[in-house]
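Undergrad: I am attaching a structure below and will ask some questions about it afterwards.
FYI, it's all coordinate maths here, none of it is from the lab. These figures come from a predicted structure and were not determined experimentally. Here the Cβ positions follow ideal geometry from the backbone for every residue, glycine too, while neighbour counts run over all protein chains shown.
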Amino acid sequence: MIHTILKETFGYAAFRPLQQEAIESVMDGKDVLLVLPTGGGKSICFQIPALAKPGLSLVISPLIALMNDQVLALKENGIEAYSLHSNIDYDEKIRISNAIEAGDAKLIYMSPEGLLNEKMMSYISSKDINLIAVDEAHCVSMWGNDFRPDYVKLSSLKTHFPDVPIMAVTATADKATQQDIVTTLQMKGAQQYVGSFERENITITALPGLKRMQQILAFLADRPGESGIIYCTSRKSTQQLADKLNAEGIDAACYHAGLDSQIREQVHQDFIYDRTKVVCATIAFGMGIDKSNIRFVIHYNLSKNIESYYQEIGRAGRDGSEAEALLFFSYADISQLKRFIDDSAAEDTYKQVQHAKLDRMWEFSNTAHCRTNIILSYFNEYKSEGCGHCDNCLNPPETFDGTQYTQMALSGVYRAQERITSNILIDILRGSSKQEIMMNDYHRLKTYGVGRELPYPDWRSYLTQIIHQGILSIDYSDGGRLKLTPLSHEVLFESRQVNLVKFVWQDKKAKPAKAAVTVNREDVDKDLFVELRSLRTRLANEQGVPAYVIFPNKTLEELAAVKPQTKVAFSQINGVGKLKLEKYADDFIQKIKEYEGA
Ligand code: ADP
Ligand code: MG
Ligand code: ZN
């Protein structure tokens, strides 16, 4: 039964990890906590039981945007789903209550406050409720970024519906949060399924924050017309970056909490409907972004911790197709983030934790090891093999004996009496004639110009590594000036060797080539893909739905590889259920035939 629904209604051939286990448990009437990464396919784990069981399922969701997105996708697959919230009009309310009364409605999406008010409760308790799903269940946790006080009130669900199974799902729950969810929702003897946090389709790259604009333009030029988010720390920089991109002919908008809510809504909608390709945003552009075809997330600035970073890049590639995460990191960023923590009104113990988390983020940025494994170990998942989809795995960094360079840097710091920042140090080593150098007589130092052979970015990278190895330190309480450490002494006087990772510019690095999950990248006919994509855009515009609701990119890729010319062949493609077969197969097959004939 559940396999039939998977194939016929949703058009998928097989379950993904843990889906079947979770579905079978709720079918057995058990409470379930399901933790799967973003894009892991949590929704169908409550949608399939909702269809398989007699009665009505309730889905609790924190944001109207999330409800609407899922309901739209369900309706596309011919399922009677509704979202019931304060923004719907009277007519829609009547339609919903009629559908419930007639027993046609299968899923109703609501906010916690929408469900828990007295009137709604007395109405809904009289109905045959077969399942309550709590989406984004980590919102119950007071320690997380997405805490919602209304979610805590969901603790009364078990009082109102003692016999109805609860399925709580989330992508971002460490052990403590998982426990919080189970306790708050009073899930007794809950089955817990925790999948891997790994997002195999996201390629992670981290680069020193040098010439960021230039690097971003090169990145975007390689990916014309693709959707993405660029996160910045400050509101002002989102605006500036969007302006610059627009000036370069890139279709970009900015988004932050200081904008009028109407404008924010517009930017959001334009992004969802592919009218705007790139959004430059602060992290206020967050949880409601359930758009499945985001191809990249760029961090213009360092994130404050690994949780936030992973949640932010997790917005890319929900459709399972290849996606990219590009992080820029710099000392300026880390100093600023440290200042934010120090200046906050929080207690000292809290500040210490924040500093420690920031340090992990910094280590992550600077590592020569597998980046995915660092993230996974942060979430208590340990793997020995490299992931194969991060920059360090794809282009294993080349190391060399950097003792001489290190000694140059150390002697520069020493001779300048530990009064210089890393920028000045590089200027000294490279023999710059900047005013600041001349005014301080740094051009008379013995180290002046000894490192001329290395370009600025290379020095920047090596200094970062030297600092990271504890051979120099940055004194944030002294304007970020560089200080010698006990290890400096060993390098200068005790012939300690220092290995450094060779610096390579991003555009010189080989392009990661990775097979897509269902079809080989090489098999995808690019021109046909473009044709199919524009057909999809036309259909989406005609129906007023976002393009990815019709078919995700992954389905288009498979179509452009397999090129089905009959309905039977078309129905075998992942993502093609019965209804979509009826609605779209003819148009797409015709396009494929035209293309093949041409
Ligand atoms: P999340 O876990 O982030 O809530 P979703 O439920 O939104 O993920 O699913 C992400 C994408 O994966 C959707 O496009 C969904 O239709 C697709 N998907 C879910 N289950 C499967 C499956 N078994 N096979 C193929 N695609 C699936
Ligand atoms: Mg989801
Ligand atoms: Zn890796």
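Undergrad: Give the aspartates and glutamates reachable from Lys119 as a straight Cα distance under 20 Å; neighbours fewer than 8 places away on the same chain don't count.
TA: Answer for Lys119, where 20 Å is the Cα cut-off: Asp89, Asp91, Glu92, Glu101, Asp128, Asp150, listed by chain and number.
Undergrad: Restrict the search to the range 356-404; then list the chymotrypsin sites (Phe, Trp or Tyr not before Pro) that DSSP places in a loop and that have at most 11 other Cβ atoms within 10 Å of their Cβ.
TA: In loop regions of the range 356-404 (DSSP not H, G, I, E or B), the sparsely surrounded chymotrypsin sites (Phe, Trp or Tyr not before Pro) are Tyr382.
Undergrad: Something else about it: Straight distance only, please: which aspartates and glutamates reach the Cα of Lys591 with their own Cα at less than 15 Å, same-chain residues fewer than 8 apart left out?
TA: Qualifying aspartates and glutamates at Cα under 15 Å: Asp525, Asp527, Glu531, Glu557, Glu558.
Undergrad: Would you give the gap between the C-alpha center of the range 91-109 and the C-alpha center of the range 540-595, rounded to a whole Å?
TA: Each part's Cα centre sits 30 Å from the other's.
Undergrad: Which of the pairs Lys446/Lys483; Lys75/Lys554; Lys383/Lys502; Lys127/Lys158; Lys106/Lys127 have their Cα atoms more than 23 Å apart in this structure?
TA: Lys383/Lys502
Undergrad: Now for a different question. Quickly work out the Asn541-to-Glu21 label distance, labels modelled 7 Å from Cα along the C-beta direction, and quote it in nm with one decimal.
TA: Taking the two extended label points, one gets 4.6 nm.
Undergrad: Continuing with this model, one more query. For the chain, with only Lys/Arg (+1) and Asp/Glu (-1) charged at the beta-carbon, what is the dipole magnitude about the Cα centre, in debye rounded to 20?
TA: 1000
Undergrad: Compute from the Cα atoms of the chain the Rg and the Dmax, the latter being the longest Cα-Cα distance, and quote both in angstrom.
TA: That works out to 26.9, 89 Å for Rg and Dmax.
Undergrad: Taking 41 Å as R0, compute the FRET efficiency from the Cβ-Cβ separation of Ala356 and Asp243 and round it to 0.05.
TA: According to the calculation, E is roughly 0.65.
Undergrad: Could you tell me the extents of the range 359-430's C-alpha atoms along the three principal axes, largest first, rounded to whole Å?
TA: Taking the Cα atoms of the range 359-430, the three principal extents are 45, 25, 16 Å.
Undergrad: Calculate, in nm to one decimal, what Lys75 and Asp527 gain on full extension: separation in residues at 0.36 nm each, minus their alpha carbon distance.
TA: 159.7 nm
Undergrad: Separate question: If you count, for each residue, the other Cβ atoms within 10 Å and average over each peptide, how do 30-43, 181-194, 481-494, 431-444 line up from highest to lowest?
TA: With the highest mean Cβ count within 10 Å placed first, the list reads 30-43, 181-194, 481-494, 431-444.
Undergrad: Rounded to the nearest 0.05, what FRET efficiency do Thr566 and Asp104 have when you use their Cβ-Cβ distance and R0 = 35 Å?
TA: With a Förster radius of 35 Å, E is 0.60.
Undergrad: Further, regarding this structure: By how many degrees, 0 to 90 and rounded to 10, does the Cα axis of helix 90-101 deviate from the longest principal axis of the chain?
TA: 60
Undergrad: Here is a follow-up. Nearest 10 degrees, 0 to 90: what angle lies between the long axis of helix 64-76 and the longest principal axis of the chain (Cα atoms)?
TA: 50
Undergrad: Please compute the length gained on full extension between Ser495 and Ala332, using 0.36 nm multiplied by the number of residues separating them and subtracting their Cα-Cα distance.
TA: Going from the current span to full extension adds 55.5 nm.
Undergrad: While we're on this one: Any idea what angle helix 43-52 forms with the longest principal axis of the chain, computed on alpha-carbon atoms, 0 to 90 degrees, nearest 10?
TA: Helix 43-52 and the main axis of the chain meet at about 10 degrees.
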